[in-house]
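Chemist: This is the structure I want to talk about, given as structure tokens.
A short reminder: the numbers here are calculations on the coordinates, not readings from a lab. A quick note: this is a predicted structure, and the numbers were derived from the prediction, not measured. Cβ coordinates were reconstructed from backbone atoms using ideal geometry, including for glycine residues, and neighbour counts include every protein chain displayed.
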Amino acid sequence: MSAAAAVGFYQSIFGTKPEITVRAPGRINLIGEHTDYNLGFVLPAAIDKAIWMVMGRRNDNELHFHSIDLNDRYQNEVDNFRKSEKSWVNYLLGVISEAQRDGFNIGGVNVVFGGEIPLGAGLSSSAALESGMLAGLNELFCLGLSKLEIVKLAQRGENNFVGMNCGIMDMFASVMGQARQVLRLDCRSLDYEHFPFDTPEHSLVLCDSAVKHSLVDSEYNTRRRECEAGVQVFHKIMPEIASLRDVPLDFVLSEKKRLEDKVFRRCKFVVEEIMRVDVACKVLKINDFEAFGQLMYATHNGLQYEYEVTCAETDFLVEKTKQMPEVLGARQMGGGFGGCTLNLVKKEAVSEFVANMVAAYDANFGLKLACHVVSLEDGVEVKRY
Ligand code: ADP
Ligand code: MG
């Protein structure tokens with residue numbers, strides 16, 4: 001799907017020219033897993049895979065949405081809609097609903113969209129949809145929203161209307177991303193800073209395990225509770241501790257005996273992972289990609305043995321790369337129990353890497369491995385005709 005193709009669809013459906021095209025990218029997270037709800041740091045970036053949304057105002061008060069990829073459409077009145085049975089529609093309605101709740105006046109609008117972000121692979125196609133929709137509405141109806149306001153409204157749409165209790169990182173990356181840079185986001189203050197990830201010699205490759213174990217939701221909640229249990233213990237000793245963000249590693253280690261073994265390992269992982277984000281930024285500043293790759297392996301190791309949110313498939317994919325001299329680092333990305341692994345690979349060896357991984361995955365699991373090379377791109381962009 002390209003912008004031009006989406007514009008073509010718009011014209012053939014509505015018989016008029018659109019007013020704007022929005023490019024809304026997906027995102028990856030380079031390091032900093034399970035640190036967001038512990039109010040630590042994450043290191044995401046917007047990627048070159050995006051959703052293209054072509055939009056134009058209508059003369060009436062109707063909403064007309066058309067999904068090219070799903071070949072599906074939706075129509076309703078802008079002042080009188082409810083949650084739809086079609087899940088894709090709710091990402092668009094959700095941000096309208098939240099904008100209306102803040103008193104913004106949104107009129108009738110046509111939206112035609114399609115994209116190249118693999119759905120449900122952990123690249124946040126949903127955040128792209130929400131951020132892109134809001135950026136488009138902002139332009140068309142002169143809402144005057146800042147980028148940060150778009151990020152926050154997009155998250156509210158997903159939390160309140162779609163009903164997914166997601167964090168803010170995905171929208172943040174999709175909106176604030178910059179080409180050849182990563183973004184260090186402080187999940188407590190929402191302060192952020194860009195760091196260079198600019199290398200002609202390396203590529204980022206996602207290997208999609210195509211597995212999604214049903215454990216994800218229940219184990220996610222369990223991990224949150226385990227982290228909270230750790231915080232409670234630390235808080236009793238040091239009242240200023242309110243989250244794992246506040247806990248120094250020495251303290252976790254010295255208080256080990258007061259913690260249940262599982263809770264100890266969860267806390268150790270999170271505290272070390274928050275520290276790894278900091279180290280990652282330092283090594284990126286000096287273009288030390290070897291060191292960055294080692295941090296990725298360290299993250300996976302922690303996810304596997306301490307946080308225990310990996311699975312046989314992603315462990316295999318990461319382990320396999322350790323015999324490959326062309327790979328600098330690899331780790332499972334996202335909430336856990338499947339999804340994609342993120343690999344830092346020498347550019348000249350990417351095709352060989354992909355071929356080897358596909359063959360190994362097929363031989364071991366009889367599963368087809370989809371691989372995607374991604375580069376780091378600017379966040380949401382609106383183009384007016
Ligand atoms: P992720 O955000 O990790 O990609 P989610 O389950 O949160 O996965 O969001 C995926 C959902 O977003 C899809 O099921 C669909 O409803 C919607 N969506 C994303 N991209 C598109 C698209 N190109 N066309 C239609 N719907 C899409
Ligand atoms: Mg999502």
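Chemist: Could you work out how far apart the two model spin labels at residue 11 and residue 236 are, taking each label as a point 7 Å from the Cα in the direction of the beta carbon, and quote it in nm?
Modeler: 7.0 nm
Chemist: Based on the Cβ-Cβ distance from residue 365 to residue 70, what FRET efficiency comes out when R0 is 25 Å, to the nearest 0.05?
Modeler: 0.30
Chemist: Now a separate question. What does the extension gain come out to for residue 180 and residue 58, with contour length at 0.36 nm per residue minus their alpha carbon separation?
Modeler: Separation in residues times 0.36 nm, less the Cα-Cα distance, equals 40.2 nm.
Chemist: List the residues whose amide H sits under 5 Å from the amide H of residue 69, counting only those 5 or more places along or on another chain, with H placed 1.01 Å from N in the peptide plane.
Modeler: The list, which skips near neighbours in sequence, is 115.
Chemist: Just to be sure I understand: if I project the alpha-carbon convex hull of region 202-374 onto a plane and average over all orientations, what area do I get in nm²?
Modeler: It is 10.7 nm².
Chemist: Please state the charge dipole magnitude for the chain, taken about the Cα centre, from unit charges on C-beta atoms (+1 on K and R, -1 on D and E), reported in debye and rounded to the nearest 20.
Modeler: So the dipole magnitude of the chain works out to roughly 300 debye.
Chemist: Residue by residue through region 140-157, what is 3J(HN,Hα) from phi via Karplus (6.51 cos²θ - 1.76 cosθ + 1.60, θ = phi - 60°)? Round to whole Hz and write x for glycine and proline.
Modeler: 5, 10, 6, 6, x, 7, 7, 4, 5, 5, 4, 4, 5, 5, 4, 5, 4, x
Chemist: Also, I was wondering about something else. Short version: ³J(HN,Hα) in whole Hz for each residue of region 26-31, in order, from phi by Karplus 6.51 cos²θ - 1.76 cosθ + 1.60 (θ = phi - 60°), x for Gly and Pro, what are they?
Modeler: In residue order, the calculated couplings are x, 9, 10, 10, 6, 7 Hz.
Chemist: Could you pull out the GluC sites (Glu not before Pro) across region 33-127 that fall in loop regions by DSSP (anything but H, G, I, E, B) with no more than 10 other Cβ atoms inside 10 Å?
Modeler: 85
Chemist: Please give the charge dipole size of region 202-374, origin at the Cα centre, charges +1 on K and R Cβ atoms and -1 on D and E Cβ atoms. Round to the nearest 20 debye.
Modeler: 240 debye
Chemist: What nm distance separates the two modelled labels at residue 323 and residue 348, each placed 7 Å from Cα along Cα→Cβ?
Modeler: So the label points at residue 323 and residue 348 sit 2.4 nm apart.
Chemist: Assuming 0.36 nm per residue, please report the length gained on full extension of the stretch residue 287 to residue 218 beyond their Cα-Cα distance.
Modeler: Stretched out fully, the residue 287 to residue 218 stretch lengthens by 21.0 nm.
Chemist: Quick query: amide H of residue 177 versus all other amide H atoms, modeled in the peptide plane; which residues come in under 5 Å with a sequence gap of 5 or more or a different chain?
Modeler: 46, 379, 380
Chemist: How far is helix 215-237 tilted off the main Cα axis of the chain, in degrees rounded to 10, range 0 to 90?
Modeler: So the inclination is approximately 60 degrees.
Chemist: Which angle from 0 to 90°, rounded to the nearest 10, does the C-alpha axis of helix 289-305 make with the longest principal axis of the chain?
Modeler: Around 80 degrees separate the two axes.
Chemist: Once each part is reduced to its C-alpha centroid, what is the distance from region 12-47 to region 102-168 in angstrom?
Modeler: If you average the Cα positions of each part, the centres end up 10 Å apart.
Chemist: I've got another one for you. If you keep only loop residues by DSSP, which GluC sites (Glu not before Pro) in region 142-230 have at most 11 other Cβ atoms within 10 Å of their Cβ?
Modeler: 201
Chemist: Which ³J(HN,Hα) values, rounded to whole Hz and listed in residue order, are derived for region 177-186 from phi using the Karplus coefficients 6.51, -1.76 and 1.60 in 6.51 cos²θ - 1.76 cosθ + 1.60 with θ = phi - 60°, glycine and proline given as x?
Modeler: x, 9, 4, 6, 9, 10, 10, 8, 10, 8
Chemist: What's the angle, to the nearest 10 degrees (0 to 90), between helix 3-14's Cα axis and the longest principal axis of the chain?
Modeler: 40 degrees
Chemist: Put a dot 7 Å past each Cα toward the Cβ at residue 77 and residue 159; how far apart are the dots in nm?
Modeler: The answer from the label model is 3.1 nm.
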